[in-house]
Amino acid sequence: MSRAADPRLSAADVAAVLDRFGGHDLLARGSVTVISLAAIRDRTGDRWPRRRADVWAYVERRLDEHLTFQDLAQRIGETDYLIAMTSEDGLAAQAVALKVLEEVLMHFLGEANPRDLKVTMVADLRGDEVLCTPLDPLALRRSRPVPRPAASAAPVAAKPAPPAVDPIEEKRRNPYVFRTGSGLSLRIDFAVETLVSLRHGVPAALRIEPTVTETRTGRVIPARAFARLSDADLATIDQATLDYAALYLPTVEGANAQALIAPVTFRTMAASKGRQALMATAPHELLKARLVIELVDAGDGAPAGRLIEVTGLLRTVCRGVFARVQPGPGDISHLRGARLIGVTLDAGDLPADESRQAAQMLDFGKQARGLAPTLAVQGLGAAVMFDVAKTAGLTHAALRSAPVTAATPALAS
């Protein structure tokens with residue numbers, strides 16, 4: 001996409017807004033947008049000076065409806081609003097801006113014609129200039145899930161096809177088979193899932209989901225059982241996961257980029273060799289802009305001080321850190337202070353019965369409240385559970401996807 005200097009914006013003003021969030025990485029994430037009300041001004045004509053206060057007031061109400069306390073919107077000039085989101089990134093943030101503009105145009109003009117949907121992404125600050133990229137409203141509209149016919153407001157979590165990657169490399173890295181230090185043969189099959197924003201109903205991130213099985217018996221080894229494996233075996237699993245995730249990093253570049261979540265173990269990332277392996281996955285700029293690390297065992301009693309230290313080191317390498325917790329009454333307060341951007345629960349660790357799953361999700365919502373901006377449940381078997389997730393106060397959810405390559409039949413653990 002082409003970038004051009006936008007004369008409406010002052011680099012100093014945009015920088016001041018970004019400084020309120022403690023940094024300018026929101027630009028790299030595609031989370032800063034500008035919406036234009038020029039169509040309303042043009043059609044109002046001479047009445048614009050009398051009508052603009054009403055238009056501004058309505059825009060403020062729409063922004064209050066769609067943004068969270070972590071986000072910021074500021075009017076610049078008479079017809080433009082700068083929106084900076086920390087609660088959503090990339091495509092999801094841009095879809096929110098489009099939704100606000102659509103509702104405003106529908107209210108005042110009775111229609112939201114694509115030619116009037118002027119949404120631009122702030123791409124960079126260069127000297128006194130603000131470089132912006134026009135966004136395609138039709139492409140943003142296509143990113144939205146189709147609403148369910150039921151009365152529920154929860155989005156449909158369709159299972160879209162994974163982004164296209166090099167098929168030869170995909171087959172080379174998936175599945176991955178290796179032998180543990182004790183002689184056990186393990187196979188790792190990878191799936192690609194879509195994390196959906198429950199508030200806005202748009203895809204927010206891609207995530208890699210590894211399934212580890214014993215090749216001889218087909219028995220699945222869940223992440224909660226990784227504690228039985230040696231450090232070397234865990235490092236091998238994590239390296240295979242990062243290598244597979246690297247295939248999808250180049251596909252999430254650009255204005256509509258989504259984050260890519262890679263689940264690895266705290267035990268591996270706590271070691272300098274593990275972090276070095278992470279840094280070797282892709283160029284630093286790409287890791288910093290796109291990759292989110294999900295620590296699958298950080299909720300299993302990792303010392304609070306050590307967790308803060310390791311997550312701090314990881315944040316210098318990647319976009320941010322999620323921590324996965326196990327269901328149940330265990331104390332997860334040690335996660336506070338680690339500056340996590342997300343806390344996750346995996347439905348694979350929950351009972352199969354949906355009513356019991358719902359109870360565990362509600363408990364998780366209470367326990368995790370306030371620990372991170374993103375509270376997510378993944379691995380759900382049906383989109384109807386998105387309603388429960390939303391009721392529990394969670395922000396994101398994902399359905400479980402089958403491995404990209406067919407796996408051998410596995411027995412439940």
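Any chance segment 143-151 includes a residue that's under 13 Å from Leu91 (Cα atoms), surrounded by 12 or more Cβ atoms within 10 Å (Cβ to Cβ) and at pLDDT 75 or above? No; the residues of segment 143-151 include none that is under 13 Å from Leu91 (Cα atoms), surrounded by 12 or more Cβ atoms within 10 Å (Cβ to Cβ) and at pLDDT 75 or above. Here Thr211 meets each of (1) within 18 Å of the chain's Cα centre (by Cα); (2) under 30 Å from Val388 (Cα atoms) with one exception, condition (1).
Out of all the residues in segment 207-216, is one or more out of contact with any strand residue (DSSP E or B) (no Cβ under 7 Å at 6 or more places or on another chain) and not in a strand (DSSP E or B)? No, because not a single residue in segment 207-216 is out of contact with any strand residue (DSSP E or B) (no Cβ under 7 Å at 6 or more places or on another chain) and not in a strand (DSSP E or B).
The residue list Leu249, Leu242 contains one member that is assigned to a helix (DSSP H, G or I), surrounded by 19 or more Cβ atoms within 10 Å (Cβ to Cβ) and at pLDDT below 90, which is Leu249. Against the test of being of a type outside the set (D, E, K, R), free of Cβ contacts under 8 Å to residues at least 40 places away in the same chain and surrounded by 21 or more Cβ atoms within 10 Å (Cβ to Cβ), the options Leu335, Leu307, Leu394 yield a single qualifying residue, Leu335.
Do we find that Arg61 is over 29 Å from the mean Cα position of the chain (by Cα) and farther than 19 Å from Arg142 by Cβ in this structure?
For Arg61, the condition - over 29 Å from the mean Cα position of the chain (by Cα) and farther than 19 Å from Arg142 by Cβ - is not met.
The lone criterion from (1) closer than 29 Å to Arg216 by Cα; (2) surrounded by 22 or more Cβ atoms within 10 Å (Cβ to Cβ) left unmet by Val325 is number (1). Total residues in segment 262-291 satisfying the condition of being exposed (fewer than 13 other Cβ atoms within 10 Å of the Cβ) and either assigned to a loop (DSSP other than H, G, I, E, B) or touching a His at 6+ places or on another chain (Cβ under 8 Å) (or both): the figure is 2.
All conditions in (1) farther than 29 Å from Thr395 by Cβ; (2) among the small types (Gly, Ala, Ser); (3) at pLDDT 85 or above hold for Gly77, with the sole exception of (3). Filtered by the rule that a residue be under 27 Å from the mean Cα position of the chain (by Cα) and either of a type in the set (Val, Ile, Thr) or not assigned by TED's automatic domain parsing to the domain that holds Leu249 (or both), segment 175-208 gives Ile188, Val192, Thr194, Val196, Val202, Ile208.
What number of residues in segment 24-73 are β-branched (Val, Ile, Thr) and either under 29 Å from Gln258 (Cβ atoms) or in the same structural domain as Ala259 (by TED's automatic domain parsing) (or both)?
Result for segment 24-73: 6.
Of the helices (runs of 4 or more DSSP H) lying entirely inside segment 292-404, those carrying at least 1 residues that are β-branched (Val, Ile, Thr) are 304-315, 385-391. Scanning segment 63-101 for residues that are of a type in the set (D, E, K, R), within 22 Å of Arg47 (Cβ to Cβ) and buried (at least 18 other Cβ atoms within 10 Å of the Cβ) gives a single hit, Asp80. Residue by residue through segment 267-316, note down the ones that are of a type in the set (D, E, K, R) and over 20 Å from Ala246 (Cα atoms). Within segment 267-316, Arg267, Asp297, Asp300, Arg306, Glu309 meet the criteria.
The values are calculated or read from the model by the stated rules, or taken from the named source; none is laboratory data. Bear in mind the structure is a predicted one, so any value in this text is a computation, not a measurement. Using ideal geometry, Cβ is built from the backbone for each residue, glycine included, and neighbour counts are taken over all protein chains shown.
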